[in-house]
Amino acid sequence: MDIKDYLVLQTLITERSLSKTAKLMNMSQPGVTLRLNKIRNELKDQILVRNGHNMELTAKAHAILSTLQQINHEFVAILPNLQQFDPYKTPAQFTIHVIEIAYDVIAERLINEIQRYNKDHVISLQIFQGVYNYEYVHQFDKADVIIGFYEHLSNFGVKVIAEDGFVLAYDRYPLPQKAIDYETYINLPHVAHSISSDDNLFVQTYLGIPDPRNIKLRCARIDRIVSLLKDRYVATLPLNYALYKGLNVVPLPFETAKVPVTLAYPKRLEHNVQNRWLRELCERVCLECINAL
């Protein structure tokens with residue numbers, strides 16, 4: 001079936017009349033009949049059956065009608081989103097949620113890139129911490145885009161745009177060698193990026209509760225951790241963030257899965273031209289920042 005077949009099918013099911021369908025579709029009635037016979041053969045159903053002077057829908061036609069009505073409803077819903085958006089000429093407001101660990105890396109470039117198109121764009125950058133089940137902790141209902149590390153968010157489409165991994169990071173701590181074993185790792189003086197290990201997904205996944213590491217300090221803000229390291233502490237951090245901060249890194253003494261860097265958007269805005277432009281810009285900026293490390 002081609003698009004013309006679908007249009008004829010929709011009109012036939014709605015009008016239940018060959019002559020009305022022909023008039024509405026600007027076709028001859030024999031032409032509509034040919035299309036109907038083709039559709040009947042492909043769907044293996046009569047679609048319309050005559051009952052006296054009336055044409056009635058078969059059970060399959062009723063099911064098709066319900067689907068077509070849903071498609072029409074969704075199309076009407078997204079129709080305003082298909083209007084033209086020119087980022088150079090149309091001032092807009094954007095609400096972007098960025099996980100704390102990525103904020104330092106991308107925020108300035110993201111703002112500059114958006115305002116390079118139009119200085120009247122209004123940007124609201126919201127920072128959130130990467131705690132376990134963060135969608136239940138933070139309010140994302142007004143977000144246009146969410147840049148984070150997790151793949152599942154209710155009512156959001158999610159795209160994985162890059163991957164990262166964990167390393168042991170340090171500043172001037174006198175680490176004796178570039179490769180460490182597990183016992184050395186857990187006994188090093190750590191600064192932990194959480195107030196409690198109970199909401200730390202890394203600890204729960206790879207170390208277990210209670211946290212076996214030698215935790216000397218706990219800090220909820222990751223940007224504060226870097227300034228605390230000096231020659232006294234180490235920290236387990238994502239590789240790209242550690243490189244961005246100019247820290248020394250060594251591999252962890254155990255395997256960890258790659259961490260997805262994700263870009264999420266409300267499913268209701270999937271076809272929104274403005275949101276699609278913002279998503280593409282955010283993805284480009286994220287990749288440029290990662291590749292620059």
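The values are calculated or read from the model by the stated rules, or taken from the named source; none is laboratory data. Since the model is a prediction, treat every value here as computed from it, not as a measurement. So basically every Cβ, Gly included, is an ideal-geometry build from the backbone, and we count neighbours across all protein chains shown. The accessibility values were calculated without ligands, DNA or RNA, using every heavy atom of the protein model including side chains. Shrake-Rupley method; radii C 1.70, N 1.55, O 1.52, S 1.80 Å.
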message: Quick one: 3J(HN,Hα) in Hz for the range 43-56, Karplus 6.51/-1.76/1.60 with θ = phi - 60°, rounded, Gly and Pro as x.
response: 8, 6, 7, 6, 6, 10, 10, 7, 10, x, 8, 10, 10, 10
task: Can you tell me the FRET efficiency between residue 5 and residue 163 if r is taken as the Cβ-Cβ distance and R0 is 35 Å, rounded to the nearest 0.05?
output: 0.20
- request: Report the antiparallel proportion of the DSSP beta bridges in the chain as a percent, rounded to a multiple of 5.
  value: 60
Estimated 222 nm signal from helices in the chain, with DSSP H stretches of n ≥ 4 weighted -39500 (n - 2.57), rounded to 500: -12000 deg cm²/dmol
task: Would you mind computing Rg(Cα) / (2.2 N^0.38 Å) for the chain, counting N as its residues?
output: 1.49
query: Going by a ≥ b ≥ c, the root eigenvalues of the Cα gyration tensor, does the range 246-293 fall in the rounded group (a/c under 1.5), the prolate group (a/b larger than b/c) or the oblate group?
result: oblate
message: Show me the three semi-axes of the equivalent ellipsoid for the range 86-132, from the C-alpha gyration tensor (sqrt of 5 times each eigenvalue), largest first, rounded to whole Å.
response: 24, 11, 6
- line: Per residue, the convex hull enclosing the alpha carbons of the range 194-273 has a volume in Å³ of 156
Amide H within-cut-off set for residue 156, under 5 Å, with H built and near neighbours excluded: 267
field: Nonlocal amide H pairs with residue 95, under 5 Å, H built at 1.01 Å
entry: 124, 144, 145
task: Calculate, in nm to one decimal, what residue 90 and residue 230 gain on full extension: separation in residues at 0.36 nm each, minus their alpha carbon distance.
output: 45.7 nm
- prompt: For the modelled label position 7 Å from the Cα of residue 205 along Cα-to-Cβ, which residues of the range 245-265 have backbone nitrogen atoms closer than 18 Å?
  reply: 251-264
- line: Nearest 10, in degrees from 0 to 90: the angle of helix 100-117 to the longest Cα principal axis of the chain is 50
For the range 6-13, Karplus couplings with θ = phi - 60° (6.51, -1.76, 1.60), whole Hz, Gly/Pro x: 4, 5, 5, 4, 4, 5, 4, 5
Cα-based helix-to-principal-axis angle, 59-78 vs the chain, degrees rounded to 10: 50
field: Protein accessible area in the chain, 1.4 Å probe - carbon and sulfur %
entry: 50
message: List the residues, sorted by chain then number, that are 5 or more residues from residue 165 or on another chain and whose placed amide H is less than 5 Å from its amide H.
response: 239, 240, 259
- prompt: What does the accessible area per residue of the chain come to in Å², with a 1.4 Å probe and no ligands, DNA or RNA counted?
  reply: 56
message: Beyond a 29 Å Cα-Cα separation, which of these cross-linked pairs lie in this structure: 178/258; 38/159; 4/89; 230/258?
response: 38/159; 4/89
- line: Residue by residue through the range 230-245, the couplings from Karplus 6.51 cos²θ - 1.76 cosθ + 1.60 with θ = phi - 60°, in Hz, x for Gly and Pro, are 6, 9, 10, 9, 10, 8, 8, 9, x, 4, 5, 5, 4, 5, 4, 7
Environment charge of residue 190, counting only residues whose C-beta is closer than 12 Å and scoring Lys/Arg +1, Asp/Glu -1: +3
query: Treating the beta-carbon of each Lys and Arg as +1 and of each Asp and Glu as -1, no other charges, what is the dipole magnitude of the chain about its Cα centre, to the nearest 20 debye?
result: 860
